[in-house]
Amino acid sequence: MRFAKQKGGAGALEAHHERTKEKYASNPDIDPNRKSRNFHIIQPERSYGREVHERITAAGCKTRKDSVRFVDTLITASPEFFKGKRRSEVNEFFKVAVDFLAQKIGRDNIFTATVHMDEKTPHLHLCFTPITPDGRLSAKEIIGNRTQLTKWQDDFFAHMVKKFPDLERGESASKTGRRHIPTRVLKQSVSLSKQAEKIQETLDGINPINAKKKKEELAPMLRKFIPKVEDYFTHIKRYKGEFERQERENAALEREIADGKLNMSERLQMYDLQARHERLVKIYNAIPEDERKKAMRSLQPQGRRSHERSRGERG
């Protein structure tokens, strides 16, 4: 069970949870042919934004610009746990999980709970407004600090294992010192790495004879690629320590895979994504800095570029 505090709009999150987009390039695990297998445990009556607004307004909550307006909760288990389970059993698993959250945060605060069956591992997205019993908007009070989050996990496991005794509790992050890297962040590297490979092919093919032509081919590719990869790097900065730890573990992980000792698809997926990330960084660093800057400048509004040129001339 993982919480993600949300301060802004809910449009992008709603599009993902409710599968309203036609394509999901950033997440290749989504199988459109299995979309009909997804189901709601709690169906939103309005748009996410409207649900949040009306709950906060009805409770008379005071808000600030940086207030956490709702919390996106992810609930899942390992692929091995779900293997061989019937749809009714999967349904029951997530219903029991929703019951736990309803008891802890108040059923009226929950405005959606949707189960995704169109990815490799079934999982639940549940969103709620963190409104306290006395009518205050306070994610801090409801979710709490790191110590309280550990208790959340303990209580959640105790609740779930009563109904599903084959569940096992993972190691607490407070004990391992690990900081979870959201898979959705790493999955961005999948689409980016495909673009990166094409850029690498073009870079490798540059020679004194065709340099001008190749650079002309490269320019539109970089204009599309550079801003997205810069945004990706911004998102993963906070997980620098975890990336370094994973890099140290990669050698051992490779040995386990080679020896046939590892049979955990989730770890294998993370390993694959880590490898893609490292490849992406290598290709990005191979792009000449002046080309990267040129690509970023081309995306600035014309007025701003003119202003910067004028300012440079004055300097």
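The values are calculated or read from the model by the stated rules, or taken from the named source; none is laboratory data. If you're wondering where the values come from, they're calculated on a predicted model, not measured in any experiment. Cβ: placed from backbone, ideal geometry, glycine included. Neighbour counts: every protein chain shown.
Quick notes on this one:
- Taken over segment 62-96, the criterion of being among the basic types (Lys, Arg) and farther than 21 Å from Asn38 by Cβ is satisfied by Lys62, Arg64, Lys65, Arg69.
- Matching option when the condition is farther than 29 Å from Phe157 by Cα and at pLDDT 90 or above, among Gly106, Gly9, Gly60: Gly60
- When Glu201, Glu216, Glu242, Glu230 are screened for being at pLDDT 80 or above, under 18 Å from the mean Cα position of the chain (by Cα) and over 29 Å from Val96 (Cα atoms), only Glu230 passes.
- Total residues in segment 120-136 satisfying the condition of being of a type outside the set (Val, Ile, Thr), closer than 25 Å to Gly8 by Cβ and not in a strand (DSSP E or B): the figure is 3.
- Where a residue in segment 145-171 is without any contact (Cβ under 8 Å) to a residue 40 or more places away in the chain and its partner, wherever it lies, is in a helix (DSSP H, G or I) and surrounded by 11 or more Cβ atoms within 10 Å (Cβ to Cβ), with Cβ under 8 Å and at least six apart: Arg146/Ser174; Thr147/Ser174; Thr150/Ser174; Arg169/Gln153; Arg169/Phe157; Arg169/Val161
- If you go through segment 128-140 and keep only what is surrounded by 14 or more Cβ atoms within 10 Å (Cβ to Cβ) and farther than 22 Å from Thr114 by Cα, you end up with Thr132, Arg136, Leu137, Ser138.
- Taking segment 117-145 as the range and being β-branched (Val, Ile, Thr), within 24 Å of Ser47 (Cβ to Cβ) and in contact with a Pro (Cβ under 6 Å, 6 or more places away or on another chain) as the test, only Ile142 passes.
- The sole residue among Glu119, Glu89 that is touching a residue at least 12 places away in the same chain (Cβ under 8 Å) and not basic (Lys, Arg) is Glu119.
- Some residue of segment 256-268 being at pLDDT 75 or above, surrounded by 13 or more Cβ atoms within 10 Å (Cβ to Cβ) and either part of a helix (DSSP H, G or I) or among the basic types (Lys, Arg) (or both): no
- Matching residues in segment 201-223 - criterion: being in contact with a helix residue (DSSP H, G or I) (Cβ under 7 Å, 6 or more places away or on another chain) and part of a helix (DSSP H, G or I): Thr202, Leu203, Lys214, Glu217, Leu218, Met221, Leu222, Arg223
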